[in-house]
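Heads up: the structure comes next, in structure tokens.
The values are calculated or read from the model by the stated rules, or taken from the named source; none is laboratory data. All values reported here derive from a predicted model rather than from experimental measurement. Glycine also receives a Cβ, built like all others from the backbone with ideal geometry; neighbour counts cover every protein chain displayed. Heads up: the accessible areas ignore ligands, DNA and RNA and are worked out on the full protein's heavy atoms, side chains in. Shrake-Rupley method; radii C 1.70, N 1.55, O 1.52, S 1.80 Å.
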Amino acid sequence: MEQTLELLSLSPPGWGANLLRGLAASLQIALGAFGFGLIIGFFGAMGKLYGSPWVRDLLEVYTTVVRAVPELVLILILYFVGTDIINQIAAAMGRGPVEISGVAAGIWVLGIVQGAYATEILRGAIRAIPPGQTEAARAYGMPRAMLAWRVTIPAMTAFAIPGIANLWLIATKDTALLAVVGFSELTLETRQAAQTTRAYFTFFLAAGFLYLMVTLFSGVIFGRIEKWARRGQPSHRAS
Amino acid sequence: MRAMLIPRRLIMLGLFAAFVIWCALTMDWSWLPRYTPLMLSGLWVTIWLLVVTLVLGFALAVPLGLAQAIGPWYLAAPARTFCTIIRGTPLLLQIWLLYYGLGSLFPQFPWIRESELWPYLRQAWPYAVLSLTLSYAGYEGEVMRGAFASVNKGQIEAARAFGMPKYKVFFRIWLPQAIRQTLPTLGGETILQLKATPLVATITIVELYAVAGRVRQDTFIVYEPLLLLAAAYLVIAGVITLGFRWIEGRGPRMSR
């Protein structure tokens, strides 16, 4: 027991600081990918609902492919494609190969994956708005942008929150996959600590505990946000 | 079917075909013949893992869901905790915890090291099967909880009133109804499980994904095996989707 605590302590012989640094990197990537994914999802949902048939079909291909192919495969493809594109741009500008930061690459790769799920979630949420609400706003002569900002987005939020919360949990857990590509986030830091000290069980349990704390805490936060988003709406759940 | 073949779709299909032909002609596929046997065995391992863990995981999900839906607190609480832990931590970490963590604890117990099971416990596949099974059970248990709770109580009361013994009520009325309720979700969960299988490549199991990695290491060819892999997963996911649609269409309509 004492040995275990020593291994997990924050100052050097212990590896606690490494784990926390990994956790910070994981959260950073997760937050970035989540935000990037929501932006893609917003435009994707708009395109799927109001876009031209071409746009709709292309978005359908995007969401279908991303949701059917394992994240690990997508991560590798997107990672290599991303570095290829950036290096070709750099070569065209007459520079040598660029060093890409792990956080930026992780956000780009996971954001594309998150975007496909976010597109579907937001599309469903927009479709769930009673059509009378937008019709009423249009009848009053609201311009499109104002209608989106004042009616569609607030009304959609309540429907979208459960799915979005799920998406955030997926984002935090998918950062672990980046360990396979070699980004040093929580899972990879844990593995390195475990390999050095040979205390595999201790470190993986500790990392699991950290992830669990993040997801449980997120659950509480999203519960609050959902309550806030549903304020003023008749609740169908007695709570 | 006719609505699918409008000119726009035909143009897109043509573009897609052009892309496939472009891939076939300009990319380097010289590695493919050499790795075909390995790819096929990888495909077999992926499908085998998928089927085995789905069956075992579902068998575990039923009691997990039941315990949460109607069980007494001393069964419901552990079941809920299990589902929360599985759903709250990354699968990759669970796999590594079992393979490296548990795998490094086992040899410390002489009765395990000297048991008949020991040669198997030194391989990777029991850990792969176990972790994928537990993961699927965690997610599916949550789904089954909802399904068990939503079965019409009147039907169970009616069956009880006819004097059906409890186990018969469960296997003839409750379970079939709950499974039919979950069918749409089951398809999605099956595809999620398919997408989880590549993770066991990190503990030295050579399935589809690991083959692409091996090609990359041997020949430095990156895109071709990954594209082929993505296509293979798309096809498997498509087969699963169609299969579940077929099963759903065949089942008797829900009376509501």
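Assuming a ≥ b ≥ c are the square roots of the Cα gyration tensor eigenvalues, decide whether the range B:106-256 counts as rounded (a/c under 1.5), prolate (otherwise, with a/b larger than b/c) or oblate.
The shape class here is oblate.
So which residues in the range B:87-101 end up with at least 20 square angstrom less accessible surface once the other protein chains are there, compared with the chain by itself, probe 1.4 angstrom?
With the partner chains in place, the range B:87-101 has these residues losing at least 20 Å²: B:R87, B:G88, B:T89, B:P90, B:L92, B:L93, B:W96, B:L97, B:Y100, B:G101.
I'd like to check one number: the per residue accessible area of the range A:96-239, probe 1.4 Å, reported in Å² as a whole number.
52
If you roll a 1.4 Å probe over chain A with all protein chains in place, what percent of the accessible area is carbon or sulfur?
Ligands and nucleic acids excluded, carbon and sulfur give 65 percent.
Measure nothing but the geometry: give the 0 to 90° angle between the long axis through the Cα atoms of A:71-92 and the longest principal axis through the Cα atoms of chain A, rounded to 10°.
So the helix axis and the longest Cα principal axis differ by about 90 degrees.
How many Å² of accessible area per residue for chain B, probe 1.4 Å?
Value returned for chain B: 55 Å² of accessible area per residue.
Could you please state, rounded to a whole Å, how far the C-alpha centre of the range A:98-177 is from the C-alpha centre of the range B:99-158?
Cα centroid to Cα centroid, the span is 35 Å.
What is the range A:1-139 by shape, rounded, prolate or oblate, if you read a ≥ b ≥ c off the alpha carbon gyration tensor as root eigenvalues and call it rounded for a/c under 1.5, prolate for a/b larger than b/c, and oblate otherwise?
Since a/c reaches 1.5 but b/c is at least a/b, the shape of the range A:1-139 is classed as oblate.
Please work out how much accessible surface B:M27 shows to a 1.4 Å probe, ignoring ligands, DNA and RNA, in Å² rounded to 10.
Taking all protein chains as shown, B:M27 has close to 40 Å².
Based on DSSP H runs of at least 4 residues, each adding -39500 (n - 2.57), what is the mean residue ellipticity at 222 nm of the protein assembly as shown after dividing by all its residues, to the nearest 500 deg cm²/dmol?
-25500 deg cm²/dmol
Once you have the Cα-Cα distance between B:L40 and B:A161, take 0.36 nm times their residue separation minus that, and quote the gain in nm to one decimal.
Extra length from B:L40 to B:A161 when fully extended: 38.1 nm.
Between rounded, prolate and oblate, where does chain B land on the alpha carbon gyration tensor, with a ≥ b ≥ c its root eigenvalues, rounded for a/c under 1.5, else prolate if a/b exceeds b/c?
The shape class here is oblate.
Go through the range A:197-219 and flag every residue whose accessible area shrinks by 10 Å² or more with all protein chains in place compared to the isolated chain (probe 1.4 Å).
Buried by the other chains: A:Y200, A:F201, A:F204, A:L205, A:G208, A:Y211, A:L212, A:T215, A:L216.
To test your reading of the geometry: what angle, between 0 and 90 degrees and rounded to tens, separates the Cα axis of helix A:186-197 from the longest principal axis of chain A?
Long axis of A:186-197 versus the principal axis of chain A: about 10 degrees.
State the answer as a single residue: which of A:A165, A:F34, A:T134 lies farthest towards the positive end of the charge dipole of the range A:26-177, with beta carbon charges of +1 for Lys and Arg and -1 for Asp and Glu, about the Cα centre.
Result: A:T134, furthest along the dipole toward the positive end.
Buried accessible area for the A:B pair, summed, 1.4 Å probe, in Å² rounded to 100?
3400
To test your reading of the geometry: what angle, between 0 and 90 degrees and rounded to tens, separates the Cα axis of helix A:153-174 from the longest principal axis of chain A?
Rounded to the nearest ten degrees, it is 20.
Helix check for chain B. Which DSSP H runs span at least 18 Å along their own axis by Cα, with a mean Kyte-Doolittle hydropathy no less than 0.5?
Those that clear 18 Å and a mean of 0.5 are B:7-26, B:32-70, B:73-88, B:223-250.
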